[in-house]
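Encoded as structure tokens, the structure appears first; notes follow it.
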Amino acid sequence: MGTPRKVLQVSGLNVKVTTNQGQLQLLHDLHFDLAEGQILGLVGESGSGKSVTCNTLLQLMNQQTTVEGSIQLSGRELNGLEPKEMRRIRGKEIGFIMQNPMNAFTPVYSIGNQFIETIRTHSRLSKKEAYELAAVSLEKVNLPKPHEILKQYSFQLSGGMLQRVMIAMCMCLKPAVVIADEPTTALDMVNQLQVLRQLEQLRSECGTTILLISHDLSVIAEMADEVMVMQHGKIVEQASVFQLFDHPTNAYTKKLLNARLQLPDPSSKRKLIQMG
């Protein structure tokens, strides 16, 4: 087998924002690639720059922000692209799963209305064809009674259901890259597992590359092929998931790994009880 082709290439990425006190640098000289079918995990504490990285790749930063460097999607430069062109790419070629599903949908329009509009914006399907594709996509993420869900509004669905609706939107458009920003935040364990299964299905069925942003190291350990650790807007360590978890080299990475909740060893507990 040959080397998988690089779908997304980021080099020399710097992000600065203008404030009343002058310019503040948010991201410092980021370099990374995403290969076809790869899941790249991005971890770090709150405020480390994970979401800024995500929004920069999607060209969603505001006018007070300066973005320097290169962001190439299949060889096409995205940095500095006209907003109209970027809107064509966003959703179709780069999918986005937000961390708060309750804020991802407009409450005054039905799920079906928003789903169909998304499909038709990026395809030549008729309204009827888009409706049928939406229903099939909801079935694929194990949502019961898809035709009823399409009639409902976001406030009528749970967070876990809305998260799967977002994944269904991504899957039906078959993007080259999906950026998943904290996709399991605020979900119970059952829904977390379902969402992770859908992401794996998206990768295996569509060959989609996934940038998985999470503070949950167990999710990263389960899903990612490679992991980047971010601190203060810099990538301080990058390695395969096995190398990073078993043999971290950076002091901050070691601190993150040591901060994980450690379950007590049941055998040790039994020994203590017997000794007592």
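Since every read-out is calculated from the coordinates, none of them should be taken as a lab result. Fair warning: this is a prediction, and the values are worked out from it, not measured in the lab. Using ideal geometry, Cβ is built from the backbone for each residue, glycine included, and neighbour counts are taken over all protein chains shown.
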Which shape class, rounded, prolate or oblate, goes with region 34-110 when its Cα gyration tensor gives a ≥ b ≥ c as root eigenvalues, a/c under 1.5 marks rounded, and past that a/b bigger than b/c marks prolate?
rounded
Long-range amide H contacts for Glu182: which residues qualify at under 5 Å (H placed 1.01 Å from N, peptide plane, sequence gap of 5 or more or a different chain)?
Ile213, Ser214
By count of other Cβ within 10 Å, fewest leading, how are Val141, Val190, Val241 ordered?
Val190, Val241, Val141
If you put +1 on each Lys and Arg Cβ and -1 on each Asp and Glu Cβ, how big is the dipole of region 6-258 around its Cα centre, in Debye rounded to 20?
760 debye
Most to least packed among 26-36, 73-83 [average Cβ atoms within 10 Å]:
26-36, 73-83
Ratio of region 84-243's C-alpha Rg to 2.2 N^0.38 Å, to two decimals?
1.06
If you take the Cα Rg of the chain and divide it by 2.2 N^0.38 Å, with N the number of residues, what do you get?
1.09
Going through the cross-link list Lys127/Lys151; Lys92/Lys151; Lys6/Lys84, which pairs have a Cα-Cα distance over 22 Å in this structure?
Lys92/Lys151; Lys6/Lys84
Using alpha-carbon pairs under 8 Å, 6+ residues apart, how would you state the relative contact order of the chain in percent?
25 percent
Can you list the HN-Hα couplings for region 168-178, worked out from phi with the Karplus curve (6.51, -1.76, 1.60; θ = phi - 60°), rounded to whole Hz and with x for Gly and Pro?
4, 4, 5, 5, 5, 8, 6, x, 6, 9, 10
